[in-house]
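Student: The structure follows.
The values are calculated or read from the model by the stated rules, or taken from the named source; none is laboratory data. Being a predicted model, the structure only gives us computed values, none of them experimental. Every residue, glycine among them, receives a Cβ derived from its backbone with ideal geometry; neighbour counts consider all protein chains shown.
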Amino acid sequence: MSKKHLNQNSKFTQELIDTFEPNFSFSEKSINRLNISIKDNAQNALNKAEKLIDLKNKINSIENCSLKNNSKNLILGNGNVNSQIMFIGEAPGPEEDLSGLTYQGEVGKLLKRMLIAINIKIENVYLSYSINHRPPEDRKPSSQEIKRYSEFLKEHISIINPKIIVLMGSTAMESITGLSNNISKERGNWKEIILKGITYPIMITFSPSYLIRFPENKKYSWEDLKKIKRKIQEFKIKI
């Protein structure tokens, strides 16, 4: 028995617009450069919103996928689509699958604390996953599944076009870099990927869900976060 697909594009569009829609003010007096900048940012965000809807439709068109068939929601991303920092996790969990939002419950609370530790508000970054559906019984996605969804993720990155990408967990690492070895050997060092001619610096680190299970590794994540903070300062990113 197949699931009945509900068209939630209008809801998805509104959720995106709600994250960046500013209040404009117009006057015949001298030009306010700040208002022009805000207007440009809003238009850029609207353009991205349209592309994200198209991407969501592409993912929804996947056939013969156990991930899709066993989940309740397709979870694309949340946050500031104009952010210069993109955090990519592994896959949604049960709370995310129910809500249709990224990083809920204890996982979301931990990620929020991690970002606050380097003076970043979670609403100022863009959050997504390498797999857009919750895997059955929260199993690790297979390499075939990771590869299948990686094409969508790479398009997702190109739409957001951040200056820094943070890959949280081994699934995210494999999806973007192709590396499938122990994440402990790869985390903490800046690497680069090239998508559509653009070079993106990436930092691999542990996922918040992993840190909840193995809190003794938080000290390593703290080292990674400090490196991310330094890179933000190096690139003069305002966030």
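Student: May I ask you to list the residues in the stretch 86-107 that are under 17 Å from G169 (Cα atoms) and either surrounded by fewer than 21 Cβ atoms within 10 Å (Cβ to Cβ) or not charged (D, E, K, R) (or both)?
Tutor: If the condition is that a residue be under 17 Å from G169 (Cα atoms) and either surrounded by fewer than 21 Cβ atoms within 10 Å (Cβ to Cβ) or not charged (D, E, K, R) (or both), then M86, F87, I88, G89, A91, P92, G93, T102, Y103, Q104, E106, V107 are the ones that fit.
Student: Assess whether I88 counts as being assigned to a loop (DSSP other than H, G, I, E, B) and either more than 15 Å from the chain's Cα centre (by Cα) or not basic (K, R) (or both).
Tutor: When the stated conditions are applied, I88 does not pass them.
Student: Is it the case, given these coordinates, that S143 is among the hydroxyl-bearing types (S, T, Y), over 16 Å from I239 (Cα atoms) and surrounded by fewer than 16 Cβ atoms within 10 Å (Cβ to Cβ)?
Tutor: Here the answer is yes, as S143 does meet what is asked.
Student: Check S175, S143, S180 and return the single one that is touching a residue at least 40 places away in the same chain (Cβ under 8 Å) and among the polar types (S, T, N, Q). Give the steps one after another, and end with the answer.
Tutor: Numbers: S143 fails: touching a residue at least 40 places away in the same chain (Cβ under 8 Å); S180 fails: touching a residue at least 40 places away in the same chain (Cβ under 8 Å).
The unique qualifying residue is S175.
Student: Out of I239, I176, I159, report the one residue that is surrounded by 15 or more Cβ atoms within 10 Å (Cβ to Cβ) and at pLDDT below 95.
Tutor: Every option except I239 fails the conditions.
Student: Still on this structure, I have one more. Can you tell me which residue in the stretch 108-140 is surrounded by the most Cβ atoms within 10 Å (Cβ to Cβ), limited to those that are of a type in the set (V, I, T) and in contact (Cβ under 8 Å) with a residue 24 or more places away in the chain?
Tutor: Among them, the one singled out is I131.
Student: Please specify each residue of the stretch 183-213 satisfying the condition of being in contact (Cβ under 8 Å) with a residue 40 or more places away in the chain, part of a helix (DSSP H, G or I) and surrounded by fewer than 15 Cβ atoms within 10 Å (Cβ to Cβ). Walk me through how you get there before you give the answer.
Tutor: If we filter the stretch 183-213 for residues that are in contact (Cβ under 8 Å) with a residue 40 or more places away in the chain, which is where we start, we get 190, 195, 198, 200, 207-212.
Now restrict to residues that are part of a helix (DSSP H, G or I): 208-212.
Once the filter is applied, which keeps residues that are in contact (Cβ under 8 Å) with a residue 40 or more places away in the chain, part of a helix (DSSP H, G or I) and surrounded by fewer than 15 Cβ atoms within 10 Å (Cβ to Cβ), the stretch 183-213 yields only I212.
Student: Just to be sure, is L127 more than 19 Å from K68 (Cβ to Cβ) and at pLDDT 95 or above?
Tutor: yes
Student: Could I ask something else about it? Return the residues of the stretch 150-172 that are hydroxyl-bearing (S, T, Y) and either free of Cβ contacts under 8 Å to residues at least 40 places away in the same chain or closer than 17 Å to Y210 by Cβ (or both); say none if nothing qualifies.
Tutor: S150, S170, T171
Student: Something else now. Might you check whether a residue that is surrounded by fewer than 17 Cβ atoms within 10 Å (Cβ to Cβ) and either in a strand (DSSP E or B) or touching a strand residue (DSSP E or B) at 6+ places or on another chain (Cβ under 8 Å) (or both) occurs anywhere in the stretch 58-76?
Tutor: Scanning the stretch 58-76 turns up no residue that is surrounded by fewer than 17 Cβ atoms within 10 Å (Cβ to Cβ) and either in a strand (DSSP E or B) or touching a strand residue (DSSP E or B) at 6+ places or on another chain (Cβ under 8 Å) (or both).
Student: Restricted to the stretch 145-182, and to residues that are of a type in the set (S, T, Y) and in a helix (DSSP H, G or I), which residue is farthest from I85 (Cα to Cα)?
Tutor: Only one residue fits best here, namely Y149.
Student: Here's a follow-up. Residues that are touching a Lys or Arg at 6+ places or on another chain (Cβ under 7 Å), more than 27 Å from K227 (Cβ to Cβ) and modelled with pLDDT of 95 or more: does the stretch 74-82 have at least one?
Tutor: Yes: the stretch 74-82 contains one or more residues that are touching a Lys or Arg at 6+ places or on another chain (Cβ under 7 Å), more than 27 Å from K227 (Cβ to Cβ) and modelled with pLDDT of 95 or more.
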